[in-house]
Amino acid sequence: MSPPFEMRHVTREFGGLKAVSDFSITLERGELTGLIGPNGAGKTTVFNMITGMLRPTAGDITWNGENITRLPSHMITARGIARTFQNIKLFSDMSVLENVMVSCHYSIHSSFLAAMLGLPKHGREEKRIRKHSLKHLEEAGLAPLAYEKAQNLPYGLQRKLEIARALATEPGMLLLDEPAAGMNPMEKMELAAFIRRIREKSGITIFLIEHDMKFVMNICERIKVINYGQSIAEGAPDKIRSDPEVISAYLGGASHAQG
Ligand SMILES: Nc1ncnc2c1ncn2[C@@H]1O[C@H](COP(=O)(O)OP(=O)(O)OP(=O)(O)O)[C@@H](O)[C@H]1O
Ligand SMILES: [Mg+2]
């Protein structure tokens, strides 16, 4: 049987630059895997290709036996792959609750336009979505802030709201792009516990980009390292920590690899 998620020899070029080059990975169901590498290594580009925001120049991406390489973003969301963004993308003027409701509406109708034209204001469907969204806010510890404007939330909670919004689409796989960025140590600890809880409760596959080594090593069971678009190592945190090529990639490039 093929693994639930697989990228095979995926490349993405921008002009002459290979942002991601011959990148392959498989993720088993329920695995929590980290993707690390210095700045500009190609991590976000990997996520953008998985979610249909960028087309690979070469290679294939399969999810639950289906080739999703050339599917548009909304169809990939509909198939159960959700993500958060390195630069938070919330509707800042809308309430915390509405931000989650929009994503449910979006996943039900598979139409961004439908979401943009407004939330359903009446009826059973609206009630159902509201209840479902509140449940996800509760799980994220954000229910008391449901009626706050998203922009009024501290940065760390906005990141958590993005995760709650992604989870409200009931994904089979969750991609987190630097979820701990900008968080203080306390918020990071809470986030780590939240991510573990998500995995234990729902058994979804989690693929996580993060620069904070302590966070990644602590939470992930497997880590993939990318440098200049190419995979340079893969394995358990202990193996990665002592890998000479990984150490040299970090010493040679990134300034904020330690944490
Ligand atoms: N849309 C784009 N057009 C042109 N070049 C791009 C585009 N997206 C990414 N790149 C380039 O591809 C390379 C990889 O970028 P990417 O954002 O994937 O890196 P990253 O590993 O996520 O870095 P960071 O840790 O800083 O977020 C960089 O050189 C970047 O400038
Ligand atoms: Mg990035």
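Coordinate-derived values only; no laboratory data. Just so we're clear, the structure is a prediction, and the values are computed from it rather than from any experiment. So basically every Cβ, Gly included, is an ideal-geometry build from the backbone, and we count neighbours across all protein chains shown.
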Along segment 78-95, Karplus-curve 3J(HN,Hα) (6.51, -1.76, 1.60; θ = phi - 60°) to the nearest Hz, with x for Gly and Pro, reads 5, 8, x, 10, 10, 8, 10, 10, 4, 9, 3, 10, 10, 7, 5, 7, 8, 6
When His9, His211 are ordered from fewest to most other Cβ atoms inside 10 Å of their Cβ, what list results? His9, His211
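Of all DSSP beta bridges located in the chain, what percent are antiparallel, nearest 5? Before the final figure, lay out the partial values.
Numbers: 20 of 36 bridges.
Close to 55 percent.
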Out of Ser248, Ser202, Ser73, a Gaussian network model of the chain with alpha-carbon springs under 10 Å gives the largest mean-square fluctuation to Ser248
Expected 222 nm ellipticity per residue - DSSP helices of 4 or more, -39500 (n - 2.57), all of the chain, to 500: -11500 deg cm²/dmol
When the chain is modelled as a GNM with alpha-carbon springs shorter than 10 Å, which of Leu71, Leu175, Leu157 fluctuates the most? Leu71
Choice from Arg197, Arg128, Arg165 with maximal GNM fluctuation in the chain (Cα, 10 Å cutoff): Arg128
May I ask you to evaluate 6.51 cos²θ - 1.76 cosθ + 1.60, the Karplus curve with θ = phi - 60°, for each residue of segment 11-21 and list the ³J(HN,Hα) values in order in whole Hz, giving x for glycine and proline? 10, 9, 9, 10, x, x, 7, 8, 5, 9, 9
Return the lysines within reach of Lys135: Cα separation strictly under 30 angstrom, same-chain partners fewer than 8 residues apart disregarded; answer none if there are no such residues. Lys89, Lys121, Lys127, Lys149, Lys160, Lys188, Lys201
